[in-house]
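Chemist: Supplied in structure tokens, the structure appears directly below.
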Amino acid sequence: MTRTKIKVFIVDDSAVVRQVLGELMNKAPDIDVIGQAMDPIFALERMQKQWPDVILLDVEMPRMDGITFLKKIMAERPTPVIICSSLTEKGAETTMQALGAGAFAIFTKPTLGVKGFLEAASQDLVAAVRAASAAKISKVPRLPLPARTSEKFTADAVLAASGKAMAVTTDRFTAIGTSTGGTQALEFVLASLPRTCPGIVVVQHMPERFTAAFAERLDSLCEIRVREARPGDRVIPGQAIIAPGGKHLVVKRSGAQYHVDVVGAPPVNRHCPSVDVLFRSVANAAGANARGVIMTGMGDDGARGMLEMHEAGAQTFAQDEESCVVFGMPKEAIRMGAVDRVISLKEIPELIAR
């Protein structure tokens, strides 16, 4: 029996981008580019004849911008949309709008050398399309996918595993790791927490320059304080610290207190920040004084780190398949025996608050 191919439609005002993306997508045996358009108006007309499984979408286009088009699609016929746009630091707010409107993923292409970038990122783009086609788009999607390197480092590239158990301290906190689907999942979790909850440290896979805007948006929605991490920040109750894009987040112990450091180092599992790095640092510094939560996301980043936390005495939890947009990272952690309990997204706020 022949397997149905993933139907992809490309919307971009650049003929070069449409051509390159079309060629890259069609090289994948399970993907079929069913159409292209230079703007959303043309796209809507053509997509009515055959609706795609996944849409690759630019933001800045004539007649209708990508964000307006995205909102229209999600309101009328929800479909996984991957934003592929030359978003700069000035576009961070646009990125937050795209995530809020339901974009599954975001690739930030450069303003120069676009063809070379797309060719280099082809493996990740194809992986994103495959994940998007299988995602539960009605759940909570969507995150920007960070730039990746071809070499896959482990957490050893950033810090060594200590293997030492921590003595019990009065300071307790929760470490969260998430990727695809994590932006809205995190919004649900953090906005549900009381100001009295224990401290929280978070790695959400996200490119440079966008995490500050993401943290600011969450801070405006939550009772707790949410901020992008800075070196030396203390992990305190009522506050969530989010790893900055392009840097690893590491927890360190100082007496009976915990602080974070922001480390420039190679990507781990092709991610920077990496959940494995955060979880290993928590295992080293806090042991049984921390809880670990691994949430929706592609790949396996965080699974090994969660196993180290588990072996160090920490309580470890994974989001269940039903409430995940992409059941990748939690699935790997469960497979490795790193998880004490599998819980739904709705249960996570109560768990952290306890």
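Readers should treat all values here as calculations from the given coordinates under stated rules, not as data from a laboratory. Quick caveat: nothing in here was measured; it's all calculated off a predicted structure. Here Cβ is always computed from backbone atoms with ideal geometry, including for glycine, and neighbour counts include all displayed protein chains.
Chemist: Normalised by the number of residues in the chain, what is the relative contact order in percent for Cα pairs under 8 Å and 6+ residues apart? Before the final figure, lay out each step's value.
Modeler: Values: 847 pairs, mean separation 49.3, N = 354.
Answer for the chain is 14 percent.
Chemist: Let me ask something else. Normalised by the number of residues in segment 197-354, what is the relative contact order in percent for Cα pairs under 8 Å and 6+ residues apart? Please report the intermediate quantities before stating the final value.
Modeler: Numbers: 353 pairs, mean separation 28.0, N = 158.
Value for segment 197-354: 18 percent.
Chemist: A follow-up question, please. Near the amide H of Gln36, under 5 Å away, which other amide H atoms are found, from residues 5 or more places off or on another chain, if H is placed in the peptide plane?
Modeler: Residues meeting the criterion, in which the H sits 1.01 Å from N, are Ile10.
Chemist: Something else now. Quick check on packing: order 276-287, 234-245, 318-329, 47-58 by the mean number of other C-beta atoms within 10 Å, highest mean leading. Please report the intermediate quantities before stating the final value.
Modeler: Working: 276-287: 28.3, 234-245: 21.6, 318-329: 23.6, 47-58: 19.1.
Top to bottom by mean Cβ count within 10 Å: 276-287, 318-329, 234-245, 47-58.
Chemist: State the extension gain, in nm to one decimal, for the chain segment bounded by Ile236 and Phe42, taking 0.36 nm per residue of separation less the distance between their alpha-carbons.
Modeler: On the way: separation 194, 0.36 × 194 = 69.84 nm, distance 5.15 nm.
64.7 nm is the gain from fully extending Ile236 to Phe42.
Chemist: Right, here's the next one. Residue by residue through segment 34-41, which ³J(HN,Hα) values in whole Hz follow from phi under the Karplus form 6.51 cos²θ - 1.76 cosθ + 1.60 (θ = phi - 60°), with glycine and proline marked x?
Modeler: Once θ is set to phi - 60°, the couplings for segment 34-41 become 8, x, 9, 8, 8, 7, x, 5 Hz.
Chemist: Relative contact order for segment 6-134 using alpha-carbon pairs under 8 Å, separation at least 6, rounded to a whole percent? Provide the component values of the computation, followed by the final result.
Modeler: On the way: 206 pairs, mean separation 32.6, N = 129.
Relative contact order for segment 6-134 comes out at 25 percent.
Chemist: Now for a different question. Debye calculation, C-alpha points only, no solvent: report log10 I(q)/I(0) for segment 1-137 at q = 0.13, 0.15, 0.19 Å⁻¹, in the same order as the q values.
Modeler: Results for segment 1-137 at q = 0.13, 0.15, 0.19 Å⁻¹ read -0.49, -0.66, -1.11.
Chemist: Now a separate question. Please give the charge dipole size of the chain, origin at the Cα centre, charges +1 on K and R Cβ atoms and -1 on D and E Cβ atoms. Round to the nearest 20 debye. Write down the numbers at each step before the final one.
Modeler: Numbers: 41 positive and 39 negative charges, 55 e Å.
Result for the chain is approximately 260 debye, rounded to the nearest 20.
Chemist: Let me ask something else. Along each of the three principal axes of the Cα atoms of segment 155-353, give the extent in whole Å, ordering the values from largest to smallest.
Modeler: The principal-axis extents, from largest down, are 37, 34, 32 Å.
Chemist: Right, next: Mind checking segment 176-241 for GluC sites (Glu not before Pro) that DSSP puts in a loop (not H, G, I, E or B) and that have at most 16 other Cβ atoms within 10 Å?
Modeler: Details: sites: Glu187, Glu208, Glu216, Glu223, Glu228; in loops: Glu208, Glu223.
Here the sparse-neighbourhood loop sites are Glu208, Glu223.
Chemist: Amide H neighbours of Lys252 under 5 Å, at least 5 residues apart or on other chains, H built in the peptide plane: list them.
Modeler: His259, Val260, Asp261
Chemist: Still on this structure, please answer the following. For the chain, what does the helix formula give at 222 nm: sum of -39500 (n - 2.57) over DSSP H segments with n ≥ 4, over the residue count, nearest 500 deg cm²/dmol? Present the calculation step by step, with values, prior to reporting the outcome.
Modeler: On the way: 12 runs with 116 residues, N = 354.
Counting only the DSSP helices, I get -9500 deg cm²/dmol.
Chemist: In whole Hz, with x marking every Gly and Pro, tabulate ³J(HN,Hα) for segment 11-26 from phi via Karplus 6.51 cos²θ - 1.76 cosθ + 1.60, θ = phi - 60°.
Modeler: In residue order, the calculated couplings are 10, 7, 7, 8, 5, 5, 5, 4, 5, 5, 4, x, 5, 5, 5, 5 Hz.
Chemist: Out of these labelled values of P(r) over Cα pairs in 10 Å bins from 0, in percent, (1) 5, 17, 19, 18, 11, 8, 8, 7, 5, 2, 0; (2) 5, 22, 27, 22, 16, 6, 1, 0; (3) 6, 27, 34, 21, 10, 2, 0, which was calculated from the coordinates shown here?
Modeler: (3)
Chemist: Which entries in Lys7/Lys331; Lys49/Lys346; Lys252/Lys346; Lys5/Lys331; Lys71/Lys247 show an alpha-carbon gap greater than 28 Å? Could you put the intermediate results ahead of the total?
Modeler: Numbers: Lys7/Lys331 26 Å; Lys49/Lys346 39 Å; Lys252/Lys346 30 Å; Lys5/Lys331 25 Å; Lys71/Lys247 31 Å.
In this structure, Lys49/Lys346; Lys252/Lys346; Lys71/Lys247 exceed 28 Å between Cα atoms.
Chemist: If you don't mind, another one. Give a residue-ordered list of calculated ³J(HN,Hα) values for segment 267-277 (Karplus: 6.51 cos²θ - 1.76 cosθ + 1.60, θ = phi - 60°; whole Hz; x for Gly, Pro).
Modeler: Whole-Hz 3J(HN,Hα) from phi for segment 267-277: x, 10, 6, 6, 10, 8, x, 10, 5, 4, 5.
Chemist: Sticking with this one: Amide H of Glu228 versus every other amide H placed in the peptide plane: which residues, excluding those fewer than 5 positions away on the same chain, fall under 5 Å?
Modeler: HN-HN under 5 Å from Glu228: Ile242.
Chemist: Take Thr178, Thr196 and order them by how many other Cβ atoms sit within 10 Å, fewest up front.
Modeler: Numbers: Thr178 28, Thr196 10.
Going from sparsest to densest Cβ surroundings: Thr196, Thr178.
Chemist: Within segment 218-262, what residues put their amide N at less than 18 Å from the label point 7 Å along the Cα-to-Cβ vector of Ser344?
Modeler: none
Chemist: A follow-up question, please. Taking the Cα atoms only, what angle lies between the long axis of helix 182-191 and the longest principal axis of the chain, rounded to 10 degrees?
Modeler: 50
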